[in-house]
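Asks: Okay, here's the structure, questions in a sec.
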């Protein structure tokens, strides 16, 4: 079986790690597309070595795809359907399978039904597959759906996850309204036009992976306040006690079959000693739980995507979500040894 | 799709819970086989109600199978291949699919290869499937294999699980050598002819579910000593400090592809405040972990088996392990709605 050929669409932090992992799995990187580092080599924008290091980043995706005819495009450029739809369609029309980190596309049949149907149609017409994977695939969907598989009756499944604003720089800190007063936060929340939460798309994927039919989806947002003066490294400032240090999105998905799915996702400035965790509690017969305390999210994001590559290359054409792929599985050996 | 018909082979504690869960999933219980309660009804030996309560427990499996021609037999009579092989073959030869709790059969290709091959052959000849599921399926195989699917490189996966001798009565307490001196334990261990550990079979299933090739399997056994005088309810006695309160089996499975799989299983008398847990640590890129603290094992055993029923009825003929079935999934709605 020949090595799969890959074009990297996006060569930032995630793209660079994924490219290295793909090379360690015997893929061949034949092209790179990005907006901001055009003309540089992958060796210059990442730590890649060997032939892949000499691949030059280009701006014109269609040109790269027409020339290199890759088996797969790895897309790491954006989170939302509106930002990835046209780039994905371009890849599919050039006969390339696509796997992305676009969080909304983990399961976008409810949040962007028309665009999802268009991607599905174009993928089928061209005999290729589009899938989104990443950290959510493993920790918010597959582990949860597997835990649910050990229950006889489910009333509610509730997940709690969090991330530290200080891990992501000033832009995201401002997005999380760090430093707001309660009044400022309420005013922002009342008028904010926010895209769908990643939690909602993840719960839709959990439902699909469990054969459940989504009825209603709601999101509530609650501010988290500093209980004492707190240092915010991302903004290089001190947040006074009583001001906002971030917020929690509480996504609730109800299903026709009964189980209620909830995900509480908090992005805030951490206190010393606080760490990410991923914790799920199931209420039903019986009550169950699951927790991960070690969460190197950037690496699980990339590793999970790479482990999905042979499944995506083997999948039926169309928009195939991780709810419709086989069980998430560690890849022993090169990608080519797992191709059908 | 018609209701699947089921014969219960074994009507003890687990069989009774499973029968109730099956009825709540719209299965029809058409027969019952057991050694010790022959002539009683399922209503008398369990809390079942309705038509199923009037099913009479019989001794002659072949006669029950020939008369009732069930779609499925649920077997809850023993843990090891040598004890279930003939009953399983009888069911398969009567054209019934079988799902069991026989722990060795979770993955018995390495521990009982010839018997496993015979079961596989007879199942294929009769167009039916034999699978073993239970608590291990969810907590020692599927969750672990899914966690592994979020790693790029795995050096070692190590699980720790435990159970309380006092939950299982005097026979198992004596099996765990409770009350032995260190010398008595060493003498017993030196000559004991013990069957394969359930840990070994579970790790073999993890390897199979992850596309890994088993090289070597070893088991080491270490006593656990009382650090102070301890009450053992199962034996209605006090174990003096320094005496054995149980032991730990440490199973190690090495694989051709590199990952080393380890399961430390401790069965001992618990101290006040100690509780079961299921904890796994993965060393590699990146390091990862997983823990369950709520472990109602008898219910997860039964619920997991029941959730596997449609997959077993849909499966290709043969000895199909849980490593070869689709992802473990919660069953919303009746069994019949999940049949292909």
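The values are calculated or read from the model by the stated rules, or taken from the named source; none is laboratory data. Keep in mind the model is a prediction, meaning the values are calculated, not measured. Virtual Cβ from ideal backbone geometry, glycine too; neighbours counted across all protein chains shown.
Asks: Pick out the one residue from B:11, B:64 that is crowded, with 23+ Cβ neighbours inside 10 Å and within 24 Å of residue A:151 (Cβ to Cβ).
Replies: So the residue among B:11, B:64 that is crowded, with 23+ Cβ neighbours inside 10 Å and within 24 Å of residue A:151 (Cβ to Cβ) is B:11.
Asks: Exactly one of (1) modelled with pLDDT of 95 or more; (2) away from chain B (no Cβ under 14 Å) is unmet by residue A:193. Its number?
Replies: (1)
Asks: Could you please let me know if residue B:180 is away from chain A (no Cβ under 14 Å) and over 21 Å from residue B:295 (Cα atoms)?
Replies: So residue B:180 passes the test.
Asks: Being surrounded by fewer than 16 Cβ atoms within 10 Å (Cβ to Cβ) and touching a strand residue (DSSP E or B) at 6+ places or on another chain (Cβ under 9 Å) is the filter here, so list the residues in the stretch B:171-188 that pass it.
Replies: B:175, B:181, B:182, B:184, B:186, listed by residue number.
Every residue, every condition in (1) touching a residue at least 60 places away in the same chain (Cβ under 8 Å); (2) within 15 Å of residue B:178 (Cβ to Cβ), yes or no:
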| residue | (1), (2) |
| --- | --- |
| B:198 | yes, no |
| B:205 | yes, no |
| B:221 | no, yes |
| B:225 | no, yes |
| B:232 | yes, yes |
| B:241 | no, yes |
| B:268 | yes, yes |
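Asks: While we're on this one: Would you pick out the residues in the stretch A:210-222 that are assigned to a loop (DSSP other than H, G, I, E, B) and over 21 Å from the mean Cα position of the chain (by Cα)?
Replies: Residues satisfying the conditions are A:211, A:212, A:213.
Asks: Only one of (1) assigned by TED's automatic domain parsing to the domain that holds residue A:88; (2) part of a helix (DSSP H, G or I) is not met by residue A:109, so which one is it?
Replies: Failing condition for residue A:109: (2).
Asks: Suppose the filter is touching a residue at least 40 places away in the same chain (Cβ under 8 Å) and over 16 Å from the mean Cα position of the chain (by Cα); does residue A:328 pass it?
Replies: For residue A:328, the condition - touching a residue at least 40 places away in the same chain (Cβ under 8 Å) and over 16 Å from the mean Cα position of the chain (by Cα) - is not met.
Asks: Taking residue A:19 as the residue in question, decide whether it is modelled with pLDDT of 95 or more, buried (at least 22 other Cβ atoms within 10 Å of the Cβ), under 25 Å from residue A:2 (Cα atoms) and within 14 Å of chain B (Cβ to nearest Cβ).
Replies: So residue A:19 fits the description; yes.
Asks: Among the residues of the stretch A:315-340, what is the count of those that are touching a helix residue (DSSP H, G or I) at 6+ places or on another chain (Cβ under 8 Å) and within 27 Å of residue A:125 (Cβ to Cβ)?
Replies: Summing the residues that are touching a helix residue (DSSP H, G or I) at 6+ places or on another chain (Cβ under 8 Å) and within 27 Å of residue A:125 (Cβ to Cβ) in the stretch A:315-340 gives 14.
Asks: Tell me yes or no: at least one residue of the stretch B:112-119 is in contact (Cβ under 8 Å) with a residue 60 or more places away in the chain, crowded, with 24+ Cβ neighbours inside 10 Å and part of a helix (DSSP H, G or I).
Replies: no
Asks: Moving on to the next point. Might you check whether a residue that is surrounded by fewer than 18 Cβ atoms within 10 Å (Cβ to Cβ), more than 14 Å from every other protein chain (Cβ to nearest Cβ) and either free of Cβ contacts under 8 Å to residues at least 40 places away in the same chain or in a strand (DSSP E or B) (or both) occurs anywhere in the stretch A:278-297?
Replies: No: the stretch A:278-297 contains no residue that is surrounded by fewer than 18 Cβ atoms within 10 Å (Cβ to Cβ), more than 14 Å from every other protein chain (Cβ to nearest Cβ) and either free of Cβ contacts under 8 Å to residues at least 40 places away in the same chain or in a strand (DSSP E or B) (or both).
Asks: Name the residues in the stretch B:140-166 that are at the interface with another protein chain (Cβ under 7 Å from one of its Cβ atoms) and within 20 Å of the chain's Cα centre (by Cα), would you?
Replies: B:142, B:143, B:145, B:146
Asks: Spot the failing condition for residue A:311; the list is (1) facing another protein chain (nearest Cβ under 8 Å); (2) touching a residue at least 12 places away in the same chain (Cβ under 8 Å); (3) out of contact with any helix residue (DSSP H, G or I) (no Cβ under 6 Å at 6 or more places or on another chain), and only one is missed.
Replies: Answer for residue A:311: the failing condition is (1).
Asks: Looking at (1) more than 8 Å from chain A (Cβ to nearest Cβ); (2) under 16 Å from the mean Cα position of the chain (by Cα); (3) surrounded by 22 or more Cβ atoms within 10 Å (Cβ to Cβ), which is the only condition residue B:300 fails?
Replies: Unmet condition: (1).
Asks: Within the stretch A:223-262, track down each residue that is surrounded by fewer than 21 Cβ atoms within 10 Å (Cβ to Cβ), part of a strand (DSSP E or B) and within 14 Å of chain B (Cβ to nearest Cβ).
Replies: Answer for the stretch A:223-262, where residues must be surrounded by fewer than 21 Cβ atoms within 10 Å (Cβ to Cβ), part of a strand (DSSP E or B) and within 14 Å of chain B (Cβ to nearest Cβ): A:254, A:255, A:260.
Asks: Quickly run through the stretch A:88-110 and pick out the residues that are surrounded by fewer than 20 Cβ atoms within 10 Å (Cβ to Cβ) and within 17 Å of the chain's Cα centre (by Cα).
Replies: Residues satisfying the conditions are A:109, A:110.
Asks: Now for a different question. Any chance the stretch A:26-41 includes a residue that's in contact with a strand residue (DSSP E or B) (Cβ under 8 Å, 6 or more places away or on another chain) and within 14 Å of chain B (Cβ to nearest Cβ)? Spell out the reasoning first.
Replies: In the first step, residues of the stretch A:26-41 are kept if they are in contact with a strand residue (DSSP E or B) (Cβ under 8 Å, 6 or more places away or on another chain); the result is A:27-34, A:37-41.
Narrowing the set further to residues that are within 14 Å of chain B (Cβ to nearest Cβ) leaves A:27.
Checked the stretch A:26-41: at least one residue is in contact with a strand residue (DSSP E or B) (Cβ under 8 Å, 6 or more places away or on another chain) and within 14 Å of chain B (Cβ to nearest Cβ).
Asks: A further question follows. Going residue by residue through the stretch B:147-161, is there one that turns out to be assigned by TED's automatic domain parsing to the domain that holds residue B:202, surrounded by fewer than 24 Cβ atoms within 10 Å (Cβ to Cβ), at pLDDT below 95 and not in a helix (DSSP H, G or I)?
Replies: Checked the stretch B:147-161: no residue is assigned by TED's automatic domain parsing to the domain that holds residue B:202, surrounded by fewer than 24 Cβ atoms within 10 Å (Cβ to Cβ), at pLDDT below 95 and not in a helix (DSSP H, G or I).
Asks: May I pose another question? Please enumerate the residues belonging to the stretch B:319-340 that are crowded, with 17+ Cβ neighbours inside 10 Å, within 8 Å of chain A (Cβ to nearest Cβ) and at pLDDT 95 or above.
Replies: B:327, B:328, B:329, B:330
Asks: With respect to residue B:195, determine if the residue is in the same structural domain as residue B:241 (by TED's automatic domain parsing), within 30 Å of residue B:242 (Cβ to Cβ) and not in a strand (DSSP E or B).
Replies: For residue B:195, the condition - in the same structural domain as residue B:241 (by TED's automatic domain parsing), within 30 Å of residue B:242 (Cβ to Cβ) and not in a strand (DSSP E or B) - is met.
Asks: Would a scan of the stretch B:50-71 turn up a residue that is within 25 Å of residue B:167 (Cβ to Cβ) and at pLDDT below 95?
Replies: no
Asks: Just to check your reading of the model, which residue among A:316, A:274 is modelled with pLDDT of 95 or more, more than 10 Å from every other protein chain (Cβ to nearest Cβ) and not in a strand (DSSP E or B)?
Replies: On the way: A:274 fails: modelled with pLDDT of 95 or more.
None of the others qualify; the one that does is A:316.
Asks: Kindly indicate whether residue A:138 is out of contact with any strand residue (DSSP E or B) (no Cβ under 7 Å at 6 or more places or on another chain), part of a helix (DSSP H, G or I) and free of Cβ contacts under 8 Å to residues at least 24 places away in the same chain.
Replies: Answer is no for this residue.
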